[in-house]
Amino acid sequence: MATAAEQKVGGLRVSELAAGARTARGSRACKHLRSGDMIPANVYGHKEPNEQISIRREDFMRWFRSGQRIAHLMVGDRRVTGLVKEVQWDALGDTVIHADFTRISLSERIHMRIPVVTIGIPKGLAGGTFDHIMKEIDVEGPAGEIPEKIEIHVGEMVIGDMVRVKDIPTLPASCKALNVKPDAVVVAVHAQKIVAAAEPAVEETAEPEVVGKAKEGEGEDAGEEKGEKPEKGDKPEKKEKAEKGDKGDKKK
């Protein structure tokens, strides 16, 4: 099974992906499909029964890596237009192991997250810096008119220039950005910030202390702190003996 012709619908490329109906169910059947380079997938929505299909891994990866998210799934002689809603990868993130599609009509309004791509090199890079703030934007609009990507030409941008969501030139009038304010900045060129070099700190050096030299205030009142010794001729006063009458009183 190979990827069929590509169709251009509005701003979208919609490829046909050959798919086969799955009859065997369960993890063992899915494992068997993966071993044969097939990807098990589900298709649901539009109040129709869920379908289990399988897509050749090589076809799916070529389609997915091209940036497309809407495909015409060719299941037998039927064509089902589906928007990929979820892609499951293995533990290493290298191999797709499952995919989910929801049925859509190219005329109905849907929500999609599309990448923002810049084209060119800003003139303001000479002395400035380029800031790509939004890499993706959620968009609502008719499925057949939502662009695959938003392209912004930045070659003429100089320092101080910016592009806001409301200024995006490649977003069709039938589509609108979601979950973001119209004045939000998508890309901008800023002047480089010059950081002044810090002056080296000067350390204060203390004067060397002379060993043995008394500091000011020391030694003057040393005697007062330790207490002066009485002179040799002085004797401490003895307490006067109590009068005999006093002793008698105590005996009583």
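Give the calculated FRET efficiency between PHE130 and LYS47 to the nearest 0.05, with a Förster radius of 51 Å applied to their Cβ-Cβ distance. If you can, show how the numbers build up before the last one.
Numbers: r = 48 Å, r/R0 = 0.93.
Step by step, r from the Cβ atoms, then E = 0.60.
Past the 19 Å Cα-Cα mark, which pairs from LYS149/LYS176; LYS166/LYS193; LYS123/LYS176; LYS47/LYS176; LYS123/LYS193; LYS31/LYS85?
With Cα atoms farther than 19 Å apart: LYS166/LYS193; LYS123/LYS176; LYS47/LYS176; LYS31/LYS85.
How large is ³J(HN,Hα), in whole Hz, for each residue of region 33-41 in order, when computed from phi with the Karplus curve 6.51 cos²θ - 1.76 cosθ + 1.60 and θ = phi - 60°, using x for Gly and Pro?
5, 5, 5, x, 6, 10, 10, x, 8
HN-Hα J couplings of region 119-135 from phi, Karplus 6.51/-1.76/1.60, θ = phi - 60°, integer Hz, Gly and Pro as x?
10, x, 10, x, 5, x, 5, 6, x, x, 10, 9, 10, 9, 7, 9, 8
Sequence-distant or interchain residues sharing an amide H contact under 5 Å with SER15, placed H: which?
Those lying under 5 Å, H to H, from SER15 are GLN7, HIS72.
Can you find, among SER54, VAL14, ILE104, the residue farthest towards the positive end of the dipole of region 6-104? Put +1 on the C-beta of Lys and Arg, -1 on that of Asp and Glu.
It is ILE104.
Which shape class applies to region 27-86: rounded if a/c is under 1.5, otherwise prolate when a/b exceeds b/c and oblate if not, where a ≥ b ≥ c are the square roots of the Cα gyration tensor eigenvalues?
Here region 27-86 falls in the oblate category.
Only the coordinates and a few stated rules stand behind these numbers; no lab work does. Small disclaimer: the values here were computed from a predicted structure and weren't measured. For neighbour counting, all protein chains shown are included, and Cβ atoms are generated from backbone atoms with ideal geometry for every residue, glycine included.
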